[in-house]
Amino acid sequence: MNYHSSSGLYVHVPFCLSKCPYCDFYSVTDLSILNAWLEALEKEAGLYRDTFGEFDTLYLGGGTPSLLEPADLEALLAGLRRHFHFHSHTEVTLEANPDDLSREKLAAYRELGINRLSVGVQSFNDKDLAFLGRRHTAKQAAQVLDWARAAGFANLSLDLMYALPGKTEKDWRETLERALACHPEHLSCYQLTVEAGTPLGARKARGEFQAAEEDLEEALFLLTSQFLEDHGYLHYEISNFARGEENCCRHNPKYWQHVPYLGLGPGAHSFSSGNGAQGSPFIKNRVRWWNHADLERYLKALATGAAPVAGRETLTPEQLRLETLYLGFRTRRGVALEDVQGFGNWEAALAELAQAGLVEVSQGRARPTCRGFLMADGLPLRFGD
Ligand code: SF4
């Protein structure tokens with residue numbers, strides 16, 4: 001897998017046209033402050049000038065980045081380029097909702113240097129889309145994917161959601177088949193989690209629907225992995241699949257491998273290992289920090305020239321090592337044996353996991369199997385003292 005050690009840049013676009021009832025990401029529906037946010041974002045970028053070296057990934061996430069008109073996106077990218085250096089082969093991903101996109105907008109995005117599109121399709125069934133409160137139809141999603149190809153996007157990723165109430169394995173297989181008919185380079189398949197505090201959570205609490213049983217969730221997970229691997233996709237992280245190693249997302253692995261990343265925008269998180277961070281008042285070794293997940297506080301802080309940071313923590317080497325296990329066991333790359341050595345009776349723990357078919361040990365690494373993925377968060381616990 002082609003992992004890079006250059007830093008990654010994330011920009012959180014905190015706007016949505018309407019809130020989907022299952023979503024607990026931070027976003028607002030008042031678009032009148034979009035220009036104020038754009039101005040603040042450039043100020044925030046200026047605070048980190050020359051502190052992260054070169055970036056080789058830029059990820060525009062949200063919220064809904066595809067709400068940005070090409071002129072807004074052009075201004076945003078120009079602002080980032082004024083402060084940061086980007087590698088000539090930077091992966092530039094934009095998250096998009098199908099209903100925001102037109103043939104012309106896609107062509108303009110491509111022209112501006114977006115080279116990877118992550119489309120929130122969620123389902124190819126209109127009833128599912130209505131349940132999820134999405135504003136697009138299955139037909140619209142398919143149309144947009146065709147337009148994206150015509151605009152020259154050679155790297156398309158689809159987000160899909162499974163374990164919707166009342167859905168069967170057969171329904172989900174049909175969704176996957178529809179998705180593969182679009183030949184995406186990448187797929188992210190997420191299980192629907194109904195969070196308390198969301199409108200969908202309230203509906204569930206009122207007994208309006210029942211979430212999928214755990215057995216079915218597990219069966220759907222295994223089906224997804226088997227089906228996509230049979231069709232040439234690499235199951236490289238719990239929720240992520242790529243048509244060959246070259247199509248794995250290059251940005252997200254930076255989070256999983258403690259490669260430095262800078263997050264701009266409300267609620268964004270950053271991490272610095274200290275490399276290339278000299279001279280910055282904000283960055284020390286092995287520090288993680290996060291912004292106010294509140295647009296008003298974010299704007300207010302930047303209006304005074306202050307970083308909109310809500311909190312920060314310095315990770316001890318021990319915490320880093322433990323995180324390496326938690327993050328590593330969520331990826332097919334797994335964990336280097338040298339990272340598990342020293343944790344309790346690690347040899348016995350590894351032998352037990354291998355015996356149970358949850359982990360495979362090869363080439364100096366312990367890699368979770370597909371069944372291991374199912375209990376990835378439990379695997380590091382086996383190495384407890
Ligand atoms: S469009 Fe995305 S970020 Fe916005 S509410 Fe829906 S799921 Fe959440």
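As a proxy for reagent exposure, ranking Glu95, Glu74 by other Cβ atoms within 10 Å from fewest up yields Glu74, Glu95. Think of each Lys and Arg Cβ as +1 and each Asp and Glu Cβ as -1; about the Cα centre, that makes the dipole of the chain roughly 540 debye.
Taking 4.7 Å between beta carbons as the limit, the unpaired Cys residues of the chain are Cys16, Cys182, Cys189, Cys248, Cys249, Cys370. Placing dummy labels 7 Å off each Cα toward the beta-carbon, the span from Ala219 to Asn345 is 3.7 nm.
Counting other beta carbons within 10 Å of each residue's own, what order do Thr193, Thr57, Thr51 fall into, fewest first?
Values: Thr193 14, Thr57 26, Thr51 20.
If I rank by nearby Cβ atoms, fewest first, I get Thr193, Thr51, Thr57.
A full extension of the chain between Glu323 and Ser102 corresponds to an added length of 75.4 nm, given 0.36 nm per residue minus the alpha carbon distance.
Using the Cβ-Cβ distance between Ala202 and Arg81 with R0 set to 56 Å, the FRET efficiency works out to roughly 0.80.
Across the options Ser7, Leu38, Gly244, the greatest Cα extent toward the positive end of the charge dipole of the chain (unit charges at beta carbon of Lys, Arg, Asp, Glu) belongs to Leu38. Residues His87, His12, His136, ranked from the fewest to the most other C-beta atoms within 10 Å, line up as His87, His136, His12. Need one number: the % of Cα-Cα pairs in the range 1-150 sitting beyond the 21 Å mark. Here the tail beyond 21 Å accounts for 48 percent of pairs.
Among residues other than His83 with Cβ under 14 Å from its Cβ, the summed charge is -1 (Lys and Arg +1, Asp and Glu -1).
Calculate the all-directions average of the projected area of the range 74-213's alpha-carbon convex hull, and give it in nm². Kindly include the intermediate steps, with their values, before the conclusion.
Details: hull surface 40.4 nm².
Averaging across all directions leaves 10.1 nm² for the Cα convex hull.
Once you have a ≥ b ≥ c as the square roots of the Cα gyration tensor eigenvalues for the range 227-385, tell me rounded if a/c is under 1.5, and otherwise prolate or oblate according to whether a/b is larger than b/c. Prolate shape, in that a/c is at least 1.5 and a/b is the bigger ratio.
Go ahead and collect, in residue order, the members of the range 127-158 whose backbone nitrogen is under 20 Å from a label point 7 Å along the Cα-Cβ direction of Ser88. Of the residues in the range 127-158, none has backbone N under 20 Å from the label point off Ser88.
Please work out whether the range 318-383 counts as rounded, prolate or oblate from its C-alpha gyration tensor, where a ≥ b ≥ c are the square roots of the eigenvalues and a/c under 1.5 means rounded, while otherwise a/b larger than b/c means prolate and anything else oblate? Here the range 318-383 falls in the rounded category. Summarising the overall dimensions of the chain from its C-alpha atoms, the Rg and Dmax are 21.1, 59 angstrom. Using the Cβ-Cβ distance between Asp230 and Asp171 with R0 set to 22 Å, the FRET efficiency works out to roughly 0.75.
For Lys43, a cut-off of 29 angstrom between C-alpha atoms picks up these lysines, skipping any fewer than 8 places away in its own chain: Lys19, Lys105, Lys254, Lys284, Lys300.
Taking the charge dipole of the range 7-253 about its Cα centre, with +1 at Lys and Arg Cβ atoms and -1 at Asp and Glu Cβ atoms, the residue from Phe52, Leu200, His89 reaching farthest to the positive side is Leu200. Rounded to two decimals, the Cα-based Rg/Rh of the range 72-117, with Kirkwood Rh, is 0.98. When the Cα gyration tensor is reduced to axis lengths a ≥ b ≥ c, the ratio a/c is 1.5 or higher for the range 32-75, and with a/b not above b/c it is classed as oblate.
Where a number appears in this text, it was derived from the coordinates with a stated rule and is not lab data. Predicted, not measured: the structure shown is a model, and the values here were computed from it. Cβ atoms come from the backbone with ideal geometry, glycine included; neighbour counts cover every protein chain shown.
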